[in-house]
Amino acid sequence: MSLLRHKVIAIHHTGAIMGINRIQFQPGLSMPEFLKGYGTEAQCEQALEAVRWPQGFHCPRCAGTAHSVLRDGARKVFQCTACRHQASLIAGTVFQGTKLPLTTWFLAIYLISQAKTGLSAMALRRQLGVSYPTAWLIQHKLMQVMADREERYVLEGSVQVDDAYLGGERTGGKVGRGSENKVPFVAAVSLTEENRPLRVRLTPVSGFTSEAVLAWAKGNVAPGSTVFSDGLACFGAVAGAGCAHRPTIMAGRKPKDMPEFKWINTVLGNLKTSLSGCYHAFDFQKYAMRYLAAFCYRFNRRFDLRTLHQRLLVAAVTAIPRPQRLIRVADVCC
Ligand SMILES: [Zn+2]
């Protein structure tokens, strides 16, 4: 068990960032640039419309293109000339049903996508000038969008894996609460042929058993991949998912000291920093999947910071709208 301790990602610790410097100094989209493009409701409507209907309005009912534009209060509504169907600009997107101006949502998308180490709901509340529950919901809806997007990818090729835990014995400030609020997850990073990190996946699991690891491998790693792990026996189960397994025997060494695990350790170090700096104690059991997916979303798009907000907008527009009750009660899946 002592071997695992360094892998516990507890938010009261501060971890050193092991740099990926080339990426850290990449200029993002500046706030003035962002406001110039998305500072008014009309600009946001136009951007949303362009993402929703790149070739111009298409009636969702009859596919007609002739239309007129109406106003329902502040909202733009498209009425199909052929069948009279009315389509609101925000219906069928993650913004569906919102009372907030689009400028608030766009600013949230900008802030969340540009914040290198994540953004707490409290910080979002201050920056958007909304209530805490509203900021929390915006944050979780956008994190769910990121999680849905990440679902579309699996890792392939050379994949380093490690067992890790979210939460720790002192999380929440109460002694003894940690064990209930500790979420095991598989940390995995695929590597290029030059041995550089390509994609990351952080997946909550029910525990480190062969069954859980097999289910994880089937859903997250392409058959034919090679999985590198330490000697933890359950990782041998990846063979059942068509992967080759290359365990490294520790022989008293710690994984953090071993070059074989350099990238997975870097990822876990960055995750630790991100969580300790930006998120206050949260319900790991309920929301771990979303926080971890948001980290992966950002990491996996780290080479393209300038367009990250645009990509998140596209994801938000094409996301399945989820009502508040689903956002709040979502359970950790494995
Ligand atoms: Zn129509």
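Just checking: which of the helices (runs of 4 or more DSSP H) contained wholly in the stretch 283-334 hold 3 or more residues that are buried (at least 16 other Cβ atoms within 10 Å of the Cβ) and at pLDDT 80 or above?
Ranges flagged: 284-300, 308-318.
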Which condition from (1) farther than 19 Å from LYS99 by Cα; (2) open to solvent by 30 Å² or more (accessible area, probe 1.4 Å); (3) not aromatic (Phe, Trp, Tyr) is the one that ARG126 breaks?
(1)
Conditions (1) free of Cβ contacts under 8 Å to residues at least 60 places away in the same chain; (2) assigned to a loop (DSSP other than H, G, I, E, B) -> GLY97 fails only (1)
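Results for (1) modelled with pLDDT under 95; (2) closer than 23 Å to TYR297 by Cβ; (3) over 20 Å from the mean Cα position of the chain (by Cα), shown as yes or no for each residue.
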site	(1), (2), (3)
LEU191	yes, yes, no
PRO197	yes, yes, no
VAL205	yes, yes, no
SER210	no, no, yes
TRP216	no, yes, no
VAL221	no, yes, no
SER225	no, yes, yes
SER229	yes, no, yes
Those residues of the stretch 218-232 which are touching a residue at least 24 places away in the same chain (Cβ under 8 Å), open to solvent by 30 Å² or more (accessible area, probe 1.4 Å) and closer than 13 Å to GLY157 by Cβ amount to GLY224, THR226, PHE228
Of all residues being open to solvent by 70 Å² or more (accessible area, probe 1.4 Å) and closer than 17 Å to CYS59 by Cα in the stretch 72-95, which is nearest to the ligand (Cβ to nearest atom)? Just the residue, please.
ALA82
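Take VAL69 and tell me if it is within 24 Å of THR103 (Cβ to Cβ), modelled with pLDDT of 90 or more and open to solvent by 60 Å² or more (accessible area, probe 1.4 Å).
Taking the combined requirement at face value, the residue satisfies it.
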Hits in the stretch 233-244 - residues which are within 15 Å of VAL159 (Cβ to Cβ) and crowded, with 16+ Cβ neighbours inside 10 Å
PHE235, GLY236, ALA237, VAL238, ALA241, CYS243
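The values are calculated or read from the model by the stated rules, or taken from the named source; none is laboratory data. These figures come from a predicted structure and were not determined experimentally. Heads up, the Cβs are rebuilt from the backbone with ideal geometry, glycines too, and the neighbour counts pull from every protein chain shown. Accessible surface areas use protein heavy atoms only, side chains included; no ligands, DNA or RNA. Shrake-Rupley method; radii C 1.70, N 1.55, O 1.52, S 1.80 Å.
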